[in-house]
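S.K.: Here you go, one structure.
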Amino acid sequence: MPYRSHMGVLYVQWVKYSIFFICFLVFFPIMAAYIPSTKSLPESEQPIESSKLAFASTDSNTSHLGLLPSSKVLVYFAHPEEAYKPITEKLTGQMLVSHQQQNIQSLSSLIKQQFELQLVQTDILNVNVAAEINARNLKYKDSYAVIRPFIQQAIKEEKYDLIIDIHRDAAKKSVTTTTVDNIPFAKVALVVGSKHPNYEGNLMYAQKLHEQLNAIVPSISRGILKKGEAGANGIYNQDLARNIVLIELGGVDNTEDEIMRTIAVIARAIANMKQNEQL
């Protein structure tokens with residue numbers, strides 16, 4: 001091949017490679033922006049993995065819910081400072097059953113996240129009940145009276161399929177934990193006050209939720225506790241609406257992982273209730 005022709009071929013190849021290299025430099029950063037990040041979220045902010053839940057699918061892919069009707073719930077905490085000893089120990093170094101910051105109400109954003117993964121629209125009634133009690137020189141037993149007007153206002157403004165008052169039980173781990181396929185869950189108890197004339201409506205909703213919970217994870221619900229005996233509140237603001245249910249979410253010894261697994265199960269149970277026209 002003549003020398004000049006040979007150089008021409010080399011020049012053409014050099015131009016091609018140069019153009020390819022320049023395009024790579026220009027477009028790679030743009031393409032990289034669309035590649036999902038593998039950076040891990042803090043453990044408390046990650047959606048619960050479905051593989052950890054045995055019977056409750058809680059991953060962020062909700063395509064399987066596309067045909068399900070959405071439900072709307074109101075969540076509040078009449079005793080917001082109730083805490084879990086493993087969580088307070090992890091964050092403060094002390095095993096406490098009550099804490100101003102690391103308490104059951106501090107889980108509200110995670111509850112909302114897990115509920116809405118199941119198409120359960122969620123309003124959180126974040127009332128600082130303890131501050132209200134202190135400011136008005138009231139007693140702990142007055143918590144239900146303190147939060148009552150906030151509930152009344154919320155249900156006046158919106159229509160909810162279900163209203164949930166979430167508490168932490170004082171019972172020990174042997175009572176408040178169940179293990180299925182070597183995966184531990186915090187158990188729940190559903191409390192219905194029987195000191196008002198229309199409590200059968202609350203009982204009906206509690207029964208439906210109990211059945212749906214145990215259909216997902218057998219024995220995760222401890223059942224329904226009717227409270228009307230002397231010394232018990234016996235109303236728990238459930239006289240305000242027939243669809244108010246009080247949930248005891250685990251007990252003092254349950255871990256954050258156990259609690260979050262159960263929150264995901266509760267979310268799925270509510271979604272199933274709506275699908276089955278039980279809400």
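The values are calculated or read from the model by the stated rules, or taken from the named source; none is laboratory data. None of the values given here were measured: they were computed from a predicted structure. Glycine also receives a Cβ, built like all others from the backbone with ideal geometry; neighbour counts cover every protein chain displayed.
S.K.: Filter segment 118-160 down to the residues that are surrounded by fewer than 12 Cβ atoms within 10 Å (Cβ to Cβ), among the basic types (Lys, Arg) and closer than 23 Å to residue 73 by Cβ, then identify the one that is nearest to the chain's Cα centre (by Cα).
M.R.: 159
S.K.: Still on this model: In the same structural domain as residue 143 (by TED's automatic domain parsing) and closer than 23 Å to residue 175 by Cα, is that true of residue 189?
M.R.: Yes: the conditions hold for residue 189.
S.K.: Follow-up question, since we're still on this one. Taking the residues in segment 97-113 that are buried (at least 19 other Cβ atoms within 10 Å of the Cβ) and among the β-branched types (Val, Ile, Thr) as candidates, determine which candidate is farthest from residue 263 (Cα to Cα).
M.R.: 104
S.K.: Pick from 248, 200: which is within 16 Å of the chain's Cα centre (by Cα), acidic (Asp, Glu) and in the same structural domain as residue 144 (by TED's automatic domain parsing)?
M.R.: 248
S.K.: For segment 65-107, how many residues are farther than 19 Å from residue 236 by Cβ and part of a helix (DSSP H, G or I)?
M.R.: Matching residues across segment 65-107 total 11.
S.K.: Of the conditions (1) within 14 Å of the chain's Cα centre (by Cα); (2) free of Cβ contacts under 8 Å to residues at least 40 places away in the same chain, residue 98 fails just one. Which one is it?
M.R.: Condition (1) is where residue 98 drops out.
S.K.: Please pick out the residue among 259, 216, 270 that is of a type in the set (Val, Ile, Thr) and closer than 20 Å to residue 103 by Cβ.
M.R.: Result: 259 is the single residue among 259, 216, 270 that is of a type in the set (Val, Ile, Thr) and closer than 20 Å to residue 103 by Cβ.
S.K.: While we're here: If I filter segment 140-151 for residues that are within 19 Å of residue 88 (Cα to Cα) and without any contact (Cβ under 8 Å) to a residue 60 or more places away in the chain, do I get at least one hit?
M.R.: Within segment 140-151, the subset within 19 Å of residue 88 (Cα to Cα) is none.
No: zero hits.
S.K.: Looking at (1) within 22 Å of residue 81 (Cα to Cα); (2) modelled with pLDDT under 95, find the lone condition where residue 279 falls short.
M.R.: Condition not satisfied by residue 279: (1).
S.K.: In this structure, does residue 163 turn out to be under 20 Å from residue 202 (Cβ atoms), within 19 Å of the chain's Cα centre (by Cα) and either surrounded by 14 or more Cβ atoms within 10 Å (Cβ to Cβ) or free of Cβ contacts under 8 Å to residues at least 24 places away in the same chain (or both)? Working first, answer last.
M.R.: Numbers: under 20 Å from residue 202 (Cβ atoms): yes; within 19 Å of the chain's Cα centre (by Cα): yes; either surrounded by 14 or more Cβ atoms within 10 Å (Cβ to Cβ) or free of Cβ contacts under 8 Å to residues at least 24 places away in the same chain (or both): yes.
Criteria met by residue 163.
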